[in-house]
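K.L.:
Input: one structure, supplied below.
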Amino acid sequence: MASHQHHATLPPMRARNPLYIMAKPPPEVQAQIAALPRNDPGRGPDLLHVTLISLYDLHHVPPEWLPATIAALDGFVAAPFPLAFDRIENRKAVTLRTRDPLAGARAFQKALVNHLLAAKAPIMDGTTPEPHITINYRGDRLGSQTLNALKLPPIGWMVDEIILTESIVGKTTHVEHGRWRLREVAG
């Protein structure tokens, strides 16, 4: 007897679940950012991050995509790279940015995309945004200012780990699906 009960148990339309590879600042850098007057104090400093690549929305893809991505990242080898931001800009949101080319970060993003493509890992979006940290998603219309004008040094760190992170939209939540250490490539 055909049963249609399983339709009744479908969850209500969920928020989207975009999957990113990101870098998160270490605690001492989180503290520096949290102390900025334009940082949103309502968001936990553990949510501060730099998106290195936007992959796809888990809500809209086959379940085997996530393990395929994890398997591809298991084979990725790259050296740590520096990130530093010296200005606050208000675009749609308030972000930490720099006018420096961030050559190390950009080369890393390119190597990561090339590795995922070579490993035939699923990528739908594949965008590699200009590295930045959003410190207030609401925007404050206060324009741009350099950290130097605030008598502050640039905020940065050596990225030595990447995190595969699912963002639960509307819930201010990050779900971690794996971490990978970056290390100098031998010889």
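K.L.:
As I understand it, the value is the acute angle between the Cα axis of helix 65-74 and the longest principal axis of the Cα atoms of the chain; what does it come to in degrees, rounded to 10?
P.N.:
50 degrees
K.L.:
Taking a cut-off of 29 Å between Cα atoms, list the lysines near Lys120, but don't count ones fewer than 8 places away on the same chain.
P.N.:
Partners found: Lys24, Lys110.
K.L.:
So, with +1 on the Cβ of K and R and -1 on the Cβ of D and E, and no other charges, what is the size of the charge dipole of the chain about its Cα centre, to the nearest 20 debye? Write down the numbers at each step before the final one.
P.N.:
Details: 20 positive and 17 negative charges, 105 e Å.
About 500 debye.
K.L.:
Quick one: dipole size for the range 104-165, taken about the Cα centre, charges +1 on Lys/Arg Cβ and -1 on Asp/Glu Cβ, in debye to the nearest 20. Walk me through the intermediate numbers first.
P.N.:
On the way: 6 positive and 5 negative charges, 31 e Å.
The calculation lands at about 160 debye.
K.L.:
Order these peptides, 137-143, 174-180, 107-113, by their mean beta-carbon neighbour count within 10 angstrom, highest first.
P.N.:
Numbers: 137-143: 11.3, 174-180: 14.6, 107-113: 17.4.
Highest-to-lowest ranking by the protection proxy: 107-113, 174-180, 137-143.
K.L.:
While we're on this one: In bins 5 Å wide, starting from 0, what share of all Cα pairs of the range 58-187 does each bin hold, as a percent?
P.N.:
2, 9, 15, 19, 19, 16, 12, 6, 3, 1
K.L.:
Follow-up. Relative contact order (percent) for the chain, with alpha-carbon contacts under 8 angstrom and 6 or more residues of separation? Let's see the in-between values first.
P.N.:
Working: 334 pairs, mean separation 60.3, N = 187.
Computed over the chain, the figure is 32 percent.
K.L.:
By how many degrees, between 0 and 90 and to the nearest 10, does the Cα long axis of helix 103-118 differ from the longest principal axis of the chain?
P.N.:
Taking the Cα atoms of the chain, the angle to 103-118 is about 10 degrees.
All of the numbers you see were taken from the coordinates with simple rules; none came from a lab. As the structure is a computational prediction, the values presented were derived from the model and not from experiment. Positions of Cβ are generated from backbone atoms using ideal geometry, with glycine treated the same way; all protein chains shown enter the neighbour counts.
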